[in-house]
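Colleague: The structure under discussion is supplied below as structure tokens; questions concerning it will follow.
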Amino acid sequence: MKPMTVLTVVGARPQFIKAAAVSRAIRRCHREVLIHTGQHYDANMSDVFFGELDLPQPDEHLGIGSGTQAEQTGRMLAAIEPAIERHRPDVVLVYGDTNSTLAGALAAAKLGVPVAHVEAGLRSWNRRMAEEINRVVTDRLSQFLFCPSDAALANLRNEGITAGVHLVGDVMADVLRLMLSNGHHRSPLAGELGLDPGRYLPATILRAENTDDPMRLSALVESLGSTGEPVVFPVHPRTRKALDRERIVMPANVRTIDPIGYVDVLALAKSARLVATDSGGLQKEAYWLGVPCVTLRDETEWVETVDVGWNRVVGADPARIRAALDAGLKWPTAHPPLYGDGRAAERIVEILNEL
Ligand code: UD1
């Protein structure tokens, strides 16, 4: 087999985590060029993940930064195109559903370079989300569609996409396994915050639909307050701005902290009573760690976690949030395996070898 050049585009937190599994597998027999768009740029939003996950440093950092949807995506597109031309890859690999994903896929497709999409086929059916638009378009442009679940496969089939579709499992499961087996899920953070195992909730709120609607954001914060239980809330910069802008006061039981790295997230989630989140990754991580999840959104792409009873999707309605948080011991004990066996990255590389 002739080694190929894979150009990987990353830019936002979840993509650094996913790349940790796949980059390792690619580099065993191929050359990888890692491009960081710079969508996330603060040290605690980017550098910390490269260190913790032993990710190779990017070959190119495009330094795009923040902006409106169009500005950010447009600047990325213009910067990724010459990078692809410089490195002449055999395939461009993108992850998930961020603006970096869409820009990478679109730049490659227009240059006639095959696109491989990791986490293909997920749908929220909510076109008001930038992420949903990014997913739908990226899937349309991809030659390799790597699905984490049967539901993702079925979504693509319903849209008439069947060529190049592969069920490989979730690369985040690969990363989590690796972290747990290396003991990289222990951190002193919970102790430093005075949290007792099983008696606190980590909460995250970062989706635009939650942060950019003041009523919704206030309702979510109030709901976290209504539990009276210690809540630790690592605040994404987007959320920090919204909280400051709207002068939302934190309830006494809710402790905000700066964004944290992956090891701290895993450690906080692992010992929690349950997690409350609007993040996609944390819904699955909670499941894999055997911790119930309350999803602060109106829908989820990770429907299997709901079907097995470990995830409740409650939107921003205080009564529903409170009921789910209070449900306590009424969560199920059956815990079937979901999203693969932790070998998704290996399968992805085996399939790319067909190139
Ligand atoms: C992006 C993704 C989202 C993903 C999330 C993970 C899109 C459309 N959204 O959302 O799918 O779940 O990343 O965290 O791509 N900011 C900083 N420092 C940083 C990065 C961002 O201060 O290092 C602030 C800026 O004010 C910026 C805002 O956060 O405008 C939002 O950042 P952006 O990258 O546009 O989207 P996210 O909300 O992070």
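Colleague: Determine whether the range 223-232 contains at least one residue that is touching a residue at least 24 places away in the same chain (Cβ under 8 Å), within 16 Å of the ligand (Cβ to nearest atom) and either farther than 14 Å from LEU189 by Cβ or in contact with a strand residue (DSSP E or B) (Cβ under 6 Å, 6 or more places away or on another chain) (or both).
Modeller: Initial filter on the range 223-232 (touching a residue at least 24 places away in the same chain (Cβ under 8 Å)): 223-232.
Filter again for within 16 Å of the ligand (Cβ to nearest atom), leaving none.
No: zero hits.
Colleague: Looking at the structure I just gave you, is ALA107 out of contact with any Pro (no Cβ under 7 Å at 6 or more places or on another chain), near the ligand (Cβ under 10 Å from one of its atoms) and within 20 Å of LEU145 (Cα to Cα)?
Modeller: Criteria not met by ALA107.
Colleague: Looking for whichever is modelled with pLDDT of 95 or more and farther than 20 Å from TYR339 by Cβ here; the options are ARG135, ARG157, ARG88, ARG123. Which one fits?
Modeller: ARG88
Colleague: Continuing with this model, one more query. Out of all the residues in the range 198-207, is one or more in a loop (DSSP other than H, G, I, E, B), surrounded by fewer than 20 Cβ atoms within 10 Å (Cβ to Cβ) and on the phi > 0 side of the Ramachandran plot?
Modeller: yes
Colleague: Looking at (1) of a type in the set (Asp, Glu); (2) crowded, with 21+ Cβ neighbours inside 10 Å; (3) more than 16 Å from the ligand (Cβ to nearest atom), which is the only condition ASP317 fails?
Modeller: Against the list (1) of a type in the set (Asp, Glu); (2) crowded, with 21+ Cβ neighbours inside 10 Å; (3) more than 16 Å from the ligand (Cβ to nearest atom), ASP317 comes up short only on (2).
Colleague: What residue, among those in the range 1-44 that are surrounded by fewer than 19 Cβ atoms within 10 Å (Cβ to Cβ) and of a type in the set (Ser, Thr, Tyr), is nearest to the ligand (Cβ to nearest atom)?
Modeller: In this case the residue turns out to be TYR41.
Colleague: So, one more: For the range 1-29, what are the residues that are aliphatic (A, V, I, L, M) and modelled with pLDDT under 95?
Modeller: Within the range 1-29, MET1 is the sole residue that qualifies.
Colleague: Against the condition in contact (Cβ under 8 Å) with a residue 24 or more places away in the chain and surrounded by fewer than 22 Cβ atoms within 10 Å (Cβ to Cβ), how does GLY65 come out, does it pass?
Modeller: yes
Colleague: Another one. Could you please give the count of residues in the range 217-245 that are over 23 Å from HIS40 (Cβ atoms) and either assigned to a helix (DSSP H, G or I) or more than 22 Å from the chain's Cα centre (by Cα) (or both)?
Modeller: Applying the first criterion (over 23 Å from HIS40 (Cβ atoms)) to the range 217-245 yields 218-219, 221-231.
Those still in the list that are either assigned to a helix (DSSP H, G or I) or more than 22 Å from the chain's Cα centre (by Cα) (or both) too: 218-219, 221-230.
Qualifying residue count, the range 217-245: 12.
Colleague: Please enumerate the residues belonging to the range 321-355 that are surrounded by fewer than 19 Cβ atoms within 10 Å (Cβ to Cβ), on the phi < 0 side of the Ramachandran plot, part of a helix (DSSP H, G or I) and modelled with pLDDT under 95.
Modeller: ARG322, ALA323, ASP326, LEU329, LYS330, listed by residue number.
Colleague: Filter the range 126-142 down to residues that are within 16 Å of the ligand (Cβ to nearest atom) and either touching a residue at least 60 places away in the same chain (Cβ under 8 Å) or over 20 Å from the mean Cα position of the chain (by Cα) (or both), then give me how many there are.
Modeller: So the count comes out to 4.
Colleague: Right, ALA163: hydrophobic (A, V, I, L, M, F, W, C), over 21 Å from the mean Cα position of the chain (by Cα) and not assigned by TED's automatic domain parsing to the domain that holds PHE233 or not?
Modeller: yes
Colleague: Return a yes/no flag: does the range 85-100 have any residue that is in contact with a Gly (Cβ under 6 Å, 6 or more places away or on another chain), within 16 Å of the ligand (Cβ to nearest atom) and in a helix (DSSP H, G or I).
Modeller: There is at least one residue in the range 85-100 that is in contact with a Gly (Cβ under 6 Å, 6 or more places away or on another chain), within 16 Å of the ligand (Cβ to nearest atom) and in a helix (DSSP H, G or I).
Colleague: I've got another one for you. Please identify the pairs in which a residue from the range 336-354 that is under 11 Å from VAL175 (Cα atoms) has its Cβ atom under 8 Å from the Cβ atom of a residue that is of a type in the set (Phe, Trp, Tyr) and crowded, with 19+ Cβ neighbours inside 10 Å, counting only partners at least 6 apart or on another chain.
Modeller: Close Cβ pairs (under 8 Å, with a partner that is of a type in the set (Phe, Trp, Tyr) and crowded, with 19+ Cβ neighbours inside 10 Å) amount to ALA344/PHE146.
Colleague: Any chance you could count how many residues in the range 45-84 are within 11 Å of the ligand (Cβ to nearest atom) and at pLDDT below 95?
Modeller: Total satisfying the criteria: 0.
Colleague: Listed residues ASN134, ASN158; which is touching an Asp or Glu at 6+ places or on another chain (Cβ under 6 Å) and within 26 Å of VAL313 (Cβ to Cβ)?
Modeller: Just a single option satisfies the conditions, and that option is ASN134.
Colleague: For GLY169, all conditions in the list (1) buried (at least 16 other Cβ atoms within 10 Å of the Cβ); (2) in contact with a Ser or Thr (Cβ under 6 Å, 6 or more places away or on another chain); (3) not in a helix (DSSP H, G or I) hold save one; what is the number of the exception?
Modeller: (2)
Colleague: Which count do you get for residues in the range 292-320 that are outside any loop (DSSP other than H, G, I, E, B), under 26 Å from GLU119 (Cα atoms) and of a type in the set (D, E, K, R)?
Modeller: Step one: of the range 292-320, the residues outside any loop (DSSP other than H, G, I, E, B) are 293-295, 303-307, 311-313, 318-320.
Cutting the leftovers down to under 26 Å from GLU119 (Cα atoms) gives us 293-295, 303-307, 311-313.
Next, only the ones that are of a type in the set (D, E, K, R) stay: 304, 307, 312.
Matching residues across the range 292-320 total 3.
Colleague: Of (1) touching a strand residue (DSSP E or B) at 6+ places or on another chain (Cβ under 6 Å); (2) assigned to a helix (DSSP H, G or I); (3) within 16 Å of the ligand (Cβ to nearest atom), ASP264 satisfies all except one. Which?
Modeller: All conditions are met except number (1).
Colleague: Right, here's the next one. Working only within the range 274-291, note down all residues that are assigned to a loop (DSSP other than H, G, I, E, B) and within 15 Å of the chain's Cα centre (by Cα).
Modeller: ASP278, SER279
The values are calculated or read from the model by the stated rules, or taken from the named source; none is laboratory data. Since this is a predicted model, take the numbers as computed values, not measurements. Quick reminder, even Gly has a Cβ in these numbers, built from the backbone with ideal geometry, and neighbours come from all protein chains shown.
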